[in-house]
Every structure is written in structure tokens, then in C-alpha cells.
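Quick notes on the structure that follows.
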Amino acid sequence: ILRDGCAEALKTAVLFDPDLFSHLAARGTDFDRMTVLPRCIACKRDAVCADEFDRGARQLLNLGHSFGHAVEKCSDYAVPHGCGVAIGMAIIARAAAKRGICTEDTCAQIIALLRQYGLPTETDFTCDALTDAARSDKKIADGKLHLIVPERIGHCRIEAIPAADIRAWLADGGIV
């Protein structure tokens, strides 16, 4: 359970806070809970308050979730949510690096931190299976999926992609 919660804390650091990312990397699971938890709560609060109806910046909170939900669905929900999110973050970081959105170093930092916390960064599910699962995501609207893509630690962007491009993003993320 701690590992799954850590995935959400790591997600928050990748999204909003390079200092939090550094703290989590330096301390591992011995991180200062009185620093990390209030910071994560504040980041989520600020995103939700800034975008009550989930049409803008609040969508950033979905980093790793679109592909993570696909992993969870393919596993018939045997993969816990935090592990799914971790795999989704790794996929999207690899895709972002391959597409030149972030550097290889940023991608490597994200994956290394996930692994440091004992979180998975790979899946055995095929690209076809994950594509089918991702295409049924509740977040698809008007034929588009809003992926949250890291540019650097502490800064991500929303990338609206046609549902038809999901397979290509998964492939760029290392899924075969």
C-alpha cells in the first residue's frame, strides 16, 4: 500500500516540484512525511481549485493515468492503481524522450526514481491490448485523449492526441 501511495507522491514531484523530486530521490521511503504529504496535498488542492470542472490544468493530475488505467484493465485489476500509474509514467516518459519533448536524462531520472521505490516500469501486455484498453478510457472526449507529458522535472504539458494515435504513443513508450 505504501508503494502505491508513493507512486502518487512521485507523480506530484514530476508534475510540479523539482525540490520534492530531489527530496524523494535522496531519502527513498524514509522521506520526511511531514514535508512530502502536505506538499502533495497542496499541489492537488491548487490544481483542483484552479480548475473545478477538469477542463484545463487539473488534467495534469492524470500523469501516468491514461496508460496506467489501461494496464489495470488488461490485468483485470490485479495490478494495483499505484503500480499502474508508475508503469504509465514510465511509458509516457519514454515516449516523450523519443519524441524530443523531454531529454533522455529527464526520462532516466523519472524511471530511476520509480524503480528506487520498487515500482514497476514495464508491462508484458501487448501494444494492441493496451491500445484497446486505452481507447475505452473515460477521459476520451471528441475522439481525443489528453496525455500528460513531462517536459522536465516539475513541468508537464497536456498533449491532446487523436485516439487513433494512442498505439503510436504506446510504441514510442517501449510497448511492443
Residue that is surrounded by the most Cβ atoms within 10 Å (Cβ to Cβ) [pool: residues in region 102-151 that are out of contact with any Leu (no Cβ under 9 Å at 6 or more places or on another chain) and polar (S, T, N, Q)]: Q109
Residues of region 128-144 satisfying the condition of being among the small types (G, A, S) and in contact with a strand residue (DSSP E or B) (Cβ under 8 Å, 6 or more places away or on another chain): A134, G143
Qualifying helices (runs of 4 or more DSSP H) (wholly inside region 75-176; at least 2 residues being farther than 27 Å from A9 by Cβ): 127-135, 166-172
Hits in region 1-36 (condition: open to solvent by less than 60 Å² (accessible area, probe 1.4 Å), part of a helix (DSSP H, G or I) and charged (D, E, K, R)): D4, E8, K11
Residues located in region 108-127, provided they are of a type outside the set (A, V, I, L, M) and out of contact with any Cys (no Cβ under 9 Å at 6 or more places or on another chain): Q109, R115, Q116, T121, E122, D124, C127
In region 52-74, residue farthest from R167 (Cα to Cα) [restricted to those that are in a loop (DSSP other than H, G, I, E, B) and at pLDDT 95 or above]: L63
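The values are calculated or read from the model by the stated rules, or taken from the named source; none is laboratory data. Predicted, not measured: the structure shown is a model, and the values here were computed from it. Neighbour counts run over all protein chains shown; Cβ positions are idealised from the backbone, glycine included. Heavy atoms of the whole protein, side chains included, go into the accessibility calculation; ligands, DNA and RNA do not. Shrake-Rupley method; radii C 1.70, N 1.55, O 1.52, S 1.80 Å.
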